[in-house]
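One structure below.
The values are calculated or read from the model by the stated rules, or taken from the named source; none is laboratory data. Please read all numbers here as calculations on a predicted model, not as lab measurements. As a convention, Cβ positions derive from the backbone with ideal geometry for all residues, glycine included, and neighbour counts pool all protein chains shown. Heads up: the accessible areas ignore ligands, DNA and RNA and are worked out on the full protein's heavy atoms, side chains in. Shrake-Rupley method; radii C 1.70, N 1.55, O 1.52, S 1.80 Å.
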Amino acid sequence: MATLMQRRQFCQGLFALGAIALSGCQATANTGLTVYLLRKSLPPQLIQRFRQQAGVGLQLRLRETPQELANTFAAGILGSAVLSLGDAWIAQAVAQRQIAPIPKPLIQNRWDWAEPWQPLLQLIGKDDALWGLPYRWGATVLIYRRQFFADLGWEPTDWDVLWHPSVQGHYSLLNQPREVIGLTLKSLGLSYNAPPTHPELRQRLQRLRQGCRFFSSNAYLQPLMLGSTQLAVGWSTDVLPLLKRDPQTYAAVFPASGTALWVDLWVCGQNPDAAALAWLNYWWQPEVAEQLSQFSDAPSPLVSDLRRTLLHRYIPLATPTAFAKSELLLPLDVAAQKRYDTLWQEMFLPLS
């Protein structure tokens, strides 16, 4: 569930990841490593530091969307490569034996599996191994144009803004069933992972569909920037760069009742060799996790004292209370998935 849109570069004056991928050492059979990841998702300076410290020939295979990364691992061509995979695809990858477990004794640092990450351990844990190593996370948030709500005389704080009469026809939604149905469940006081059986759910989704002006997962910020919409549901890795670029025009909300969290993990197509282990352990170093969090728009779940530092350093629009109410999207059972599919086809698929 990571963002589909472009993300900001590390800082002014540093060249993009694409340039790095074409420079430096070339991978070799003995010491080389190929890594598949999203374009501009990692600070280039940290990539360069890995090259210098590990002495590993590195080839970066850049992809534009999480779906392209998922297609890469599904094609069964990973070999000894490492790939960045969203948590939404982990269960499928494990079930279809497309990724290999990573032995815990080979990982040099340990992770404090505190909430809200604890459910992820159940998903990726395998005896004394892990199916993937989490290295960054993000959240679903609301972004809006300040002047529109200033004229209304109030500001949004939670999901209920989407059903307010004043914003009907002025907002966009993500083209994602788990996001849209999930936030509606959350607005009803339920979990994102609750079965979609609440008696008011269908009616509430109908009102949400009627009030939606634009429906997309990769172009939802454009109507907002053009003024065609005044509010958008989006991913933090898309929203934060726009807020930094124009804080006078836009503001954002980490919903007070909690929101959906996503996690990207490093996964391996086979038992990790020395080069792959060097890469995996690098991103689990505490100082690297801190720098990734400071210089990118997707912080590491390994940062120390996350709740204390969350507000000011990593996702500045979040509060510790709202973060504590947030949750990962977990795999659905067969019955729940069928209900999701039926609701989506009947109510939202025509908008896609």
*Candidates (i) 25.0; (ii) 28.6; (iii) 17.4; which is the computed mean projected area of the Cα convex hull in nm²?*
(iii)
*What FRET efficiency, computed as 1/(1 + (r/R0)^6) with R0 = 25 Å and r the Cβ-Cβ distance, is obtained for Gln345 and Gln210, rounded to the nearest 0.05?*
0.90
*Using the Karplus equation 6.51 cos²θ - 1.76 cosθ + 1.60 (θ = phi - 60°), what ³J(HN,Hα) coupling, rounded to whole Hz, does each residue of the range 142-156 give in order, writing x for Gly and Pro?*
10, 10, 8, 7, 4, 5, 4, 7, 4, 5, 6, x, 7, 10, x
*Leaving ligands, DNA and RNA out of it, report the carbon-plus-sulfur percent of the accessible area of the range 42-111 at a 1.4 Å probe.*
44 percent
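Ratio of the range 227-296's C-alpha Rg to 2.2 N^0.38 Å, to two decimals?
The value comes to 1.58.
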*For the range 165-300, with all protein chains present and a 1.4 Å probe, just round the carbon and sulfur fraction of the accessible area to a whole percent.*
49 percent
_Quick check for you: with a 1.4 Å probe and neighbouring chains kept, what is the accessible area per residue of the chain, in Å²?_
42 Å²
*Taking Cα centroids, how far is the range 70-95 from the range 103-164 in Å?*
20 Å
*What's the longest bit of the chain with no exposed GluC sites (Glu not before Pro), using DSSP loop states and at most 15 other Cβ atoms within 10 Å as the test?*
201-352
*Taking only DSSP H segments of four or more residues, each worth -39500 (n - 2.57), what value at 222 nm results for the chain once the sum is divided by all its residues, to the nearest 500 deg cm²/dmol?*
-9500 deg cm²/dmol
*May I ask you to derive the FRET efficiency for Arg110 and Gln52 from their Cβ-Cβ distance with R0 = 22 Å, giving the value to the nearest 0.05?*
0.30
*Which loop chymotrypsin sites (Phe, Trp or Tyr not before Pro) in the range 147-191, with loop taken from DSSP, have no more than 13 other Cβ atoms within 10 angstrom of their Cβ?*
Trp154
_With loop defined by DSSP as not H, G, I, E or B, and exposure as at most 11 other Cβ atoms within 10 Å, which is the longest segment of the chain clear of exposed trypsin sites (Lys or Arg not before Pro)?_
111-352
_Candidates Leu133, Leu37, Leu152, ranked by Gaussian network fluctuation over the chain, Cα under 10 Å, top entry_ = Leu152
*Most mobile of Ser191, Ser228, Ser257 per a Gaussian network model of the chain (Cα springs, under 10 Å)?*
Ser228
*Total lysine pairs whose alpha carbons fall under 22 Å of each other in the chain (8 or more apart, or interchain)*: 4
*For Ser217, which sequence-distant residues (separation of 5 or more, or a different chain) have an amide H within less than 5 Å of its own amide H, given hydrogens modelled in the peptide plane?*
Asn175
